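The values are calculated or read from the model by the stated rules, or taken from the named source; none is laboratory data. Predicted model, so just to flag it, every value in this text is computed and none were measured. Cβ coordinates were reconstructed from backbone atoms using ideal geometry, including for glycine residues, and neighbour counts include every protein chain displayed.
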Amino acid sequence: NAGVMQNPRHLVRRRGQEARLRCSPMKGHSHVYWYRQLPEEGLKFMVYLQKENIIDESGMPKERFSAEFPKEGPSILRIQQVVRGDSAAYFCASSPTGSYHQETQYFGPGTRLLVL
Amino acid sequence: KNEVEQSPQNLTAQEGEFITINCSYSVGISALHWLQQHPGGGIVSLFMLSSGKKKHGRLIATINIQEKHSSLHITASHPRDSAVYICAAPLGGATNKLIFGTGTLLAVQP
């Protein structure tokens, strides 16, 4: 059973370009979380999605960032017009049901985004 | 005051020592996660616990829900245990999103 997969593992973009980060949850998991880890900072929640639904996007910057989790295919975190401050490690995690608060989240290896 | 606080922030130990990392949290309801992150690496979920104690190999995690406090212990530490250890509390409400501590950087010297 493959774990959570993220690609690319490393992504370099110039200011103003778009970044697309992909996350394939574990088989059978329909809940995806995106977290961001800025340099020298801790992990912060960004968005929580179920298939075709955004459940909680309270951690997403109001502009330039969007996320989706279509019925088919991976979850996508999209950053438009990237700036240097977007440079960070982006992790996704998945869980089977997302119910209650006693469910393990399984993390992917992360995508390291560097904006030049 | 952070909602999830860890101590110490940095810890250096000699191989074989018993290690304790503490986590206090003011959010969340009834569970706590312990995670491990190697430098430049991914995140591994070590434990999710809601009561008592859990053990996996040389790792032991305990939690006191009433006091909102958890500890991660490493017995017979080894240089390969060197990593950042992070505790995280599920916030509650309609989602299971995690609020993270700032992490404890552990270095085990041979």
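Summed over region A:59-89, the residues that are polar (S, T, N, Q) and farther than 25 Å from B:Q37 by Cα give a count of 3.
The residues of region A:1-48 that are among the hydroxyl-bearing types (S, T, Y) and farther than 22 Å from A:E63 by Cβ, listed by number, are A:S24, A:S30.
Selection of region B:50-70 for residues being touching a residue at least 40 places away in the same chain (Cβ under 8 Å) and assigned to a strand (DSSP E or B) yields B:H69, B:S70. The listed residues are B:P8, B:P90, and the only one of them that is within 21 Å of A:L43 (Cβ to Cβ) and loosely packed, with under 14 Cβ neighbours inside 10 Å turns out to be B:P8. Identification of strands (runs of 3 or more DSSP E) wholly contained in region A:41-85 with 2 or more residues that are under 19 Å from A:A19 (Cβ atoms) yields A:43-50, A:65-68, A:75-79. Could you look through region B:25-42, keep only residues that are more than 8 Å from chain A (Cβ to nearest Cβ) and touching a Pro at 6+ places or on another chain (Cβ under 9 Å), and pick out the one that is surrounded by the most Cβ atoms within 10 Å (Cβ to Cβ)? The qualifying residue surrounded by the most Cβ atoms within 10 Å (Cβ to Cβ) is B:L32. Determine whether B:S45 is away from chain A (no Cβ under 14 Å) and either in a loop (DSSP other than H, G, I, E, B) or under 26 Å from B:A13 (Cβ atoms) (or both). Here the answer is no, as B:S45 does not meet what is asked. The residues of region B:71-98 that are within 14 Å of chain A (Cβ to nearest Cβ), in a strand (DSSP E or B) and of a type in the set (S, T, Y) amount to a single one, B:Y85. Residues of region B:31-76 that are of a type in the set (G, A, S) and farther than 21 Å from A:F107 by Cβ: B:S51, B:G52, B:S71, B:A76. Across region B:50-69, a minimum of one residue is classified as buried (at least 20 other Cβ atoms within 10 Å of the Cβ), over 25 Å from A:Q37 (Cα atoms) and out of contact with any Cys (no Cβ under 8 Å at 6 or more places or on another chain).
Quick one: B:G101 ticks every box in (1) within 11 Å of another protein chain (Cβ to nearest Cβ); (2) within 18 Å of B:A13 (Cα to Cα) except a single one, so which number is it? Of (1) within 11 Å of another protein chain (Cβ to nearest Cβ); (2) within 18 Å of B:A13 (Cα to Cα), only one is false for B:G101: (2). Against the definition (at pLDDT 95 or above and closer than 24 Å to B:L35 by Cβ), how does A:Y100 come out, yes or no? It is false that A:Y100 is at pLDDT 95 or above and closer than 24 Å to B:L35 by Cβ. For region A:1-22, filtered to residues that are touching a Leu at 6+ places or on another chain (Cβ under 9 Å) and basic (K, R), the residue that is surrounded by the most Cβ atoms within 10 Å (Cβ to Cβ) is A:R13.
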